[in-house]
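These notes concern the structure reproduced below.
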Amino acid sequence: MDLTISERDHAEFFAMPHATQLQVRAILAEVAAIRPPLEQAWKEAAGRLGKNWRTMRRLYYQVQAQGWKGAVDGRVAARTREALPWAFVQEFRRRLEAHQRAGGRAAYASICADWRSGQPMPGYEDVSPADRASYPSGWSYANLMRAAAKAGTKAQMIAARIGKSAAAPYLPKVFSTRVGLYVGSHYMFDDLWHDNFVHWRGNAVRVLEFDALDVFSAAKIDWVMKPRFLKSDGTFDNLKESLMRSLLAKILGEVGYSPRGTEMMAEHGTAAIREAIERLLFDRSGGLIRVRRSGMSGAEQAVAGWFRGDANGNPRFKAPLESARNLYHNRFAALPGQTGMNPESRPESTAGLLKYHDTLMRAVTSLSPGLQALLRLPLLTFEQFAQLALGIYDAINRRGERPEFGVHELEGWAQCGHVVTEYRLSASADIWMPPSEFLALPPAEQQMVTAMVRADAQRYARVRSLSPREVWQTGSQELRPLPEPVLAEIITGGVVAEGPLARVLTVRGAYFEFDDQLLGPGEHRYSAEITDLTGRRRELRHGEKYLAVIDPAGHRLFIHDAKSQFLGVAHRDVRVSRGDDEALRERFGEVHRRTKAALAPMSHRHHASGQKNAEDLRHNAEVIEQAQHPDAMADAAADRRAARAARAGAAMGGDERPAPQPAMPEETFDARGDDDSGPVPDVEEFDAR
C-alpha cells in the first residue's frame with residue numbers, strides 16, 4: 001500500500017491548512033503501522049490519535065482505497081470538491097463591491113436569479129440552459145462568501161463602495177520623522193472647529209480658529225479665533241482667507257522664519273496660501289520661504305472612468321497637526337456648551353441649554369443694564385473662551401515640564417536630543433535642577449550632588465523629555481522677521497491698494513478712529529504716532545489722509561502714503577481700567593511723551609521768549625527781595641559778582657557766551673518736503689492743485 005504523497009499531488013496537499021497536513025501525515029503513519037489483529041491495532045492507533053476506534057477503522061479502509069486523500073477530514077475534502085471557477089468568484093466579488101452597503105445576501109440573490117434565467121455566467125460558459133435546473137456544486141451562500149473574502153481585500157471593498165481616500169488606512173503609506181529638522185524648518189497651518197457653543201452678541205455660536213504648528217518642536221506657535229455667526233443674508237460668516245493671511249503676517253512679523261529656510265505647509269481649502277502670496281514670500285525672503293501644499297484626495301478614484309469625487313486636502317499631509325487636534329478637543333471637553341464630536345454624540349442636555357440661552361436673551365431686552373449685568377449666562381462669552389484657550393494652549397505646549405501639564409510621547413523626541421538630565425538635593429522634595437542650575441552651583445555642592453547621584457541615581461537624578469515650549473524657545477532665537485512693508489503686502493493679498501483690509505483714514509486730533517466689523521463692534525482707535533523702519537517716531541498731522549492696512553490679528557495699522565509707499569506702523573489704543581493704577585501710570589507717561597513731542601517745534605520756536613519771561617520773573621523777584629531785605633540782598637549780589645569774575649578768569653579769553661538754545665528734536669521734523677509722497681490729499685486740496 002503506497003501511502004506517499006506524490007509530486008503531482010503537492011499543489012493540492014499544500015493548499016490545505018497546515019494543521020490538516022499534520023493530521024493527514026499522522027493518520028498515514030498510524031495506518032502504515034497497523035498489523036493484525038486489526039481490531040486491537042485500530043484501538044491502539046485511535047488512542048494515540050485521540051479518536052474513536054470505529055473512526056480509525058473507517059480511516060484505515062479509506063486510506064487503502066484512496067491513498068493519502070482518504071486521511072483528509074470530510075469537511076476539508078468537501079471544500080476541496082467545491083472549488084469554484086476563478087472567473088465566477090471574481091464576478092460574485094464584483095457584485096458584492098457594487099452594493100454600497102453590506103449586500104452579501106442581495107449579491108447572492110442576484111447571481112442565483114441570473115443563473116435560473118439563463119444569463120451568461122463567467123466560469124460556466126459550457127453549461128447549457130437545460131443544465132441549469134440546479135445550482136452547481138459549492139454554490140452555498142457560506143461557500144461563496146468564503147471564496148469572495150479570499151478573492152479581495154478590505155481596502156478593495158472600501159475603495160469600491162466609498163472611494164480611494166476612505167480606503168487609505170488600509171493602503172501603503174509614507175512614514176516621516178522630525179529627526180533632521182530644526183525649529184522653523186516647517187510650519188503647518190490648518191483650520192479648527194471647536195466643540196463648544198459660546199455667547200456672542202446675544203447668540204449662541206461656534207468658535208472657529210486658524211492655527212500654526214512648528215513641526216520640529218511640536219509647539220503651537222500662534223492662532224487666531226473668531227465666532228461663527230449668521231449674517232443678515234442668511235449665510236454664516238465662516239473663516240476667510242483674509243484672516244489666514246493676517247495670521248501668516250503675524251507669525252512672520254513677530255515669530256519670523258529660519259535663515260536656514262522655512263517651508264510653509266498649507267492646504268487647498270480655507271487655510272490656503274495662494275500663489276501670489278507664495279511668490280511674494282519667496283521673493284521677499286530671498287528664496288528662504290517656500291510653500292508646499294497637500295495632495296488632493298477624493299477626486300481621483302480607484303477605477304479609471306468612474307466619476308471624480310470632491311477634491312479635499314489630504315489630512316495625512318498634516319499628520320502632526322491633525323494628531324494634536326484630538327488633544328485640543330479633549331482639553332476643551334469640560335467647558336460648557338459641548339457640541340460633541342458629531343451630531344450623533346452631542347450631549348442631550350445641549351439642546352435644552354441652547355433653548356434656555358435663547359429664552360434668556362429674549363428676556364434681556366426688557367431688563368435694565370444693571371440687571372443684565374447680574375445675569376449668569378449658561379455659556380461662556382467668546383472673550384472668556386478665548387482667554388481660557390490661552391491657558392489651555394500654554395499647558396499643552398508645556399506638557400512634560402510638570403505633572404499638571406501632562407506628558408507626551410512625541411515621535412523622534414529622543415533621537416532629536418530633546419531630553420535633559422535633572423538633579424535634586426532631597427528625595428522628599430519634587431524640586432529638580434536642570435543642567436544649567438547644576439553647573440551654576442559652587443564646586444563643593446556639585447561634588448556633593450554627584451556623590452548622591454552615584455549612590456542612588458534613581459532617587460536623585462532623572463531623564464526628562466523637554467516640553468514643546470522648551471524646544472521652541474531654544475531654537476526660535478535664530479529666527480528673523482519679515483519687514484513690516486512685506487507684512488502689509490501679505491495682509492492685502494500682494495498689492496497694497498484700497499480694499500476690505502486697506503482703507504483711507506483721516507487723522508482726527510491725535511488718532512485714527514473708525515468702525516470695522518472685521519475688528520468687532522464699536523469704534524476702533526489707533527494712535528496717529530507712527531514708527532518707521534528705523535525706529536523713528538513721528539506724529540501725523542490732524543486732517544491728513546493716509547492709506548491704512550488693517551491687521552486684524554496684530555492690533556496695528558500699516559500706514560502708507562498716496563502712492564502706497566510704506567511710512568510706518570500705528571498701534572491700537574485701548575481703554576485702561578480706572579482701577580489699574582500701573583496701567584494708568586504707563587498710559588499717562590505715554591500721553592505725556594507724545595504731548596511733549598507734539599509741542600516740541602512750537603516750544604523751540606518760542607524758546608527765546610520763554611527765556612526772557614523767566615529772566616523777568618527772576619529779576620522782579622530780586623527787586624522785591626532787596627526792598628524787603630536790603631543787607632542780605634547786597635551780600636548776595638556781591639557773591640554773584642565774585643562768582644562771575646571767577647568764571648571769567650578761568651575761561652580762555654574771558655568771554656561769556658549765552659547758553660545755546662536747545663536743538664529741535666529730530667523726530668519732530670518732517671523730511672518729506674513738497675514732493676508727492678505725502679499723505680493722501682483731501683478731495684478739495686487735490687482739485688485745487
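FYI, it's all coordinate maths here, none of it is from the lab. Everything numeric here is computed off the predicted structure, so don't read it as measured data. We place every Cβ from the backbone using ideal geometry, glycine too, and count neighbours over all the protein chains shown.
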Can you give the relative contact order of region 89-161 as a percent, counting alpha carbon pairs under 8 Å and 6+ residues apart?
49 percent
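By count of other Cβ within 10 Å, fewest leading, how are ASP191, ASP580 ordered? Mind showing how you got there, number by number?
Details: ASP191 17, ASP580 11.
Listing ASP191, ASP580 from fewest to most nearby Cβ atoms yields ASP580, ASP191.
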Quickly work out the ARG585-to-GLU409 label distance, labels modelled 7 Å from Cα along the C-beta direction, and quote it in nm with one decimal.
5.2 nm
Modelled label-to-label distance, ASP515 and TRP193, 7 Å Cα→beta-carbon offset: nm?
3.2 nm
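Between ALA19 and ARG462, what is the FRET efficiency for a Förster distance of 45 Å, r being their Cβ-Cβ separation, to the nearest 0.05?
Values: r = 51 Å, r/R0 = 1.12.
The value I calculate is 0.35.
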What residues qualify as long-range amide H neighbours of ALA219, i.e. H under 5 Å apart, gap of 5 or more or another chain, H built at 1.01 Å from N?
ASP214
Excluding residues fewer than 8 positions from LYS596 in its own chain, the aspartates and glutamates with Cα under 17 Å of it are GLU529, GLU539, GLU586, GLU666, GLU667, ASP670
ASP237 and GLN626 label points (each 7 Å along its Cα→Cβ direction) are spaced in nm at 7.5 nm
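May I ask you to sort THR55, THR506 by Cβ crowding, counting other Cβ atoms within 10 Å and putting the fewest first? Walk me through the numbers before you get to the answer.
Details: THR55 12, THR506 16.
Lowest count first: THR55, THR506.
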Check which residues have an amide H placed less than 5 Å from MET433's amide H, if you skip close sequence neighbours.
TYR423, ARG424
Arrange the following residues from fewest to most other Cβ atoms within 10 Å of their Cβ: TYR460, TYR356, TYR526.
TYR356, TYR460, TYR526
What aspartates and glutamates does LYS43 reach when the alpha-carbon gap must be under 13 Å and sequence neighbours fewer than 8 apart in one chain are set aside?
GLU30
Selection from GLY287, LEU390, PRO259, by position along the positive dipole direction of region 186-395 (Cβ):
LEU390
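Full extension from VAL420 to GLN384: what is 0.36 nm times the residue separation minus their Cα-Cα distance, to one decimal in nm?
Details: separation 36, 0.36 × 36 = 12.96 nm, distance 3.61 nm.
Extra length from VAL420 to GLN384 when fully extended: 9.3 nm.
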Any idea how far the Cα center of region 90-123 sits from the one of region 147-226, in Å?
38 Å
If amide H atoms are built 1.01 Å from N in the plane of the peptide, which residues on other chains or at least 5 residues away come under 5 Å of the amide H of VAL183?
none
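May I ask you to derive the FRET efficiency for TYR124 and HIS268 from their Cβ-Cβ distance with R0 = 56 Å, giving the value to the nearest 0.05? Before the final figure, lay out each step's value.
On the way: r = 49 Å, r/R0 = 0.87.
The value I calculate is 0.70.
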With r defined as the distance between the Cβ atoms of ALA598 and ARG201 and R0 fixed at 30 Å, what FRET efficiency is calculated, to the nearest 0.05?
0.20
Classify the chain as rounded, prolate or oblate from the Cα gyration tensor: take a ≥ b ≥ c as the square roots of its eigenvalues, call it rounded if a/c is under 1.5, otherwise prolate when a/b beats b/c and oblate if not.
prolate
Roughly how many whole Å is it from the C-alpha centroid of region 1-41 to that of region 464-489?
73 Å
Net charge dipole size for the chain [Lys, Arg +1 and Asp, Glu -1 on Cβ; Debye, nearest 20]:
3920 debye
Report ³J(HN,Hα) in whole Hz for each residue of region 205-212, in order, from the Karplus equation J = 6.51 cos²θ - 1.76 cosθ + 1.60 where θ = phi - 60°; Gly and Pro get x.
10, 7, 10, 10, 8, 9, 9, 9
Counting only C-alpha contacts under 8 Å and six or more residues apart, can you give the relative contact order of the chain as a whole percent?
9 percent
Sequence-distant lysines (8 or more away, or on other chains) whose Cα lies within less than 20 Å of LYS220
LYS250, LYS318
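How much of the DSSP beta bridge set in the chain is antiparallel, as a percent to the nearest 5? Present the calculation step by step, with values, prior to reporting the outcome.
Working: 63 of 74 bridges.
Roughly 85 percent of the beta bridges in the chain run antiparallel, per DSSP.
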Charges at C-beta only: +1 for Lys and Arg, -1 for Asp and Glu. How large is the resulting dipole of region 7-81 about its Cα centre, in Debye rounded to 20?
260 debye
